[in-house]
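Structure first, commentary second.
The values are calculated or read from the model by the stated rules, or taken from the named source; none is laboratory data. Predicted, not measured: the structure shown is a model, and the values here were computed from it. Note: areas computed on protein heavy atoms with side chains; ligands, DNA, RNA excluded. Shrake-Rupley method; radii C 1.70, N 1.55, O 1.52, S 1.80 Å.
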Amino acid sequence: MPSLGRLHLITDTRPGRDPLAVLRAVLPVAHAELVVQVRVEDTATDRQAYDLTRRVVGLCAPYQVTCLVNDRLHVALAAGAAGGHVGADDLPVVAARQVLGPAAVLGATAREPGTAVAAVHAGASYLGVGPCHATTTKDGLPPAIGAAGVRAVVEAVGVPVIAIGGVTAQRVPALRAAGAYGVAVVGALSDVADPARVAAELIRGLSC
Ligand SMILES: Cc1ncc(COP(=O)(O)OP(=O)(O)O)c(N)n1
Ligand SMILES: Cc1nc(C(=O)O)sc1CCOP(=O)(O)O
Ligand SMILES: [Mg+2]
């Protein structure tokens, strides 16, 4: 299993966004500290997800950057990604592990310690934990759990915890202090004029 980067860039495929331009800017700054999770809108076709993933895998390869695919594990396998990420509406973690095989990176969403422990027993190699803070990127999320909620999960499991939801460079130190191994971001890198500069700030915070 590849060692896990601490900065997870989740592709922003909302209208008007250019996830590949953001990735091209961030890769030379982040190198192997980066993980890219290809996440497409539910309305996207598998072909669109596959084509985007192939391009991401191709961009990541020279930097030894891990590429994962959200939800659509068949796309991950077909496109040569290193693994995938599943949540409560996706394949159960144990089934996702069967699909991907023992060597793949498999992330699972957990919002509290009980789900987190179950996901690790079922085969998750890391956990996405949140929403840490309010976010406008995704609708329908439960209330933010804050750094304290992240700490509760960290104390319950032995796999890397990736904090997600409203994460900014300013918020990284508190999340790291709570035991987060890394962070996953959409808007922090997609909604800014200079994603390379922000990626460098995020990585500085994650290195402490
Ligand atoms: C790192 C990380 N953490 C959490 C999620 C959310 O996954 P999920 O709950 O399945 O929701 P969708 O992203 O599928 O809408 C994630 N993708 N990555
Ligand atoms: C895709 C996703 N999942 C979340 C969860 O808590 O499960 S929060 C989120 C969106 C994160 O975007 P931003 O960095 O712009 O807040
Ligand atoms: Mg999902």
Report the gain in length on full extension from Asp46 to Val99: 0.36 nm times residue separation, minus Cα-Cα distance, nm rounded to one decimal. 17.4 nm
Please give the per residue accessible area of the chain, computed with a probe of 1.4 Å over protein heavy atoms only, in Å². 45 Å²
Leaving out ligands, DNA and RNA but keeping every protein chain, what accessible area does Cys67 have, in Å² rounded to the nearest 10, with a 1.4 Å probe? 10 Å²
Apply the Karplus parameterisation 6.51 cos²θ - 1.76 cosθ + 1.60, with θ equal to phi minus 60°, to every residue of segment 109-119 and state each ³J(HN,Hα) to the nearest whole Hz, in sequence, with x for glycine and proline. 7, 9, 10, 7, x, x, 5, 5, 4, 4, 5
Mind listing the phi-derived Karplus ³J(HN,Hα) values for segment 32-38, rounded to whole Hz, using 6.51, -1.76 and 1.60 with θ = phi - 60°, and x for any glycine or proline? 6, 6, 9, 10, 10, 10, 7
Ordering Asp12, Asp139, Asp194 by the accessible surface of their heavy atoms, 1.4 Å probe, largest first, yields Asp139, Asp194, Asp12
Out of Gly83, Gly158, Gly128, a Gaussian network model of the chain with alpha-carbon springs under 10 Å gives the largest mean-square fluctuation to Gly158
Name the residues whose placed amide hydrogens come within less than 5 Å of the amide hydrogen of Gly128, ignoring near sequence neighbours (fewer than 5 apart) on the same chain. Ala108, Thr109, Ala110, Ile162
Taking the chain as a Gaussian network, Cα atoms linked when under 10 Å apart, which of Leu106, Leu20, Leu73 shows the biggest mean-square fluctuation? Leu20
Can you give the extra length, in nm with one decimal, that the chain gains between Ala61 and Thr136 once fully stretched, where that is 0.36 nm per residue apart less the Cα-Cα distance? 23.9 nm
Under the Karplus relation 6.51 cos²θ - 1.76 cosθ + 1.60, θ = phi - 60°, what is the ordered set of whole-Hz ³J(HN,Hα) values for segment 72-89, x standing for Gly and Pro? 9, 6, 5, 5, 4, 5, 5, 8, x, 6, 7, x, x, 9, 10, x, 5, 9
Amide H contacts under 5 Å for Gln37, placed H, 5+ residues apart: Leu9, Ile10, Thr11, Leu68
Report in % the part of the accessible area of segment 7-206 that belongs to carbon and sulfur, leaving out ligands and nucleic acids; probe 1.4 Å. 56 percent
Work out how much length Ala78 to Ala193 would gain on full extension: take 0.36 nm times their residue separation and subtract the Cα-Cα distance, in nm to one decimal. 38.1 nm
In Å and from the alpha-carbon atoms only, list the Rg and Dmax of the chain. 15.4, 41
Under a 5 Å amide H to amide H cut-off, with H placed in plane at 1.01 Å, what residues pair with Gly83 once short-range neighbours are removed? Val69, Val105
At 222 nm, what helix-only mean residue ellipticity would the chain give, in deg cm²/dmol to the nearest 500, using -39500 (n - 2.57) for each DSSP H run of four or more? -11500 deg cm²/dmol
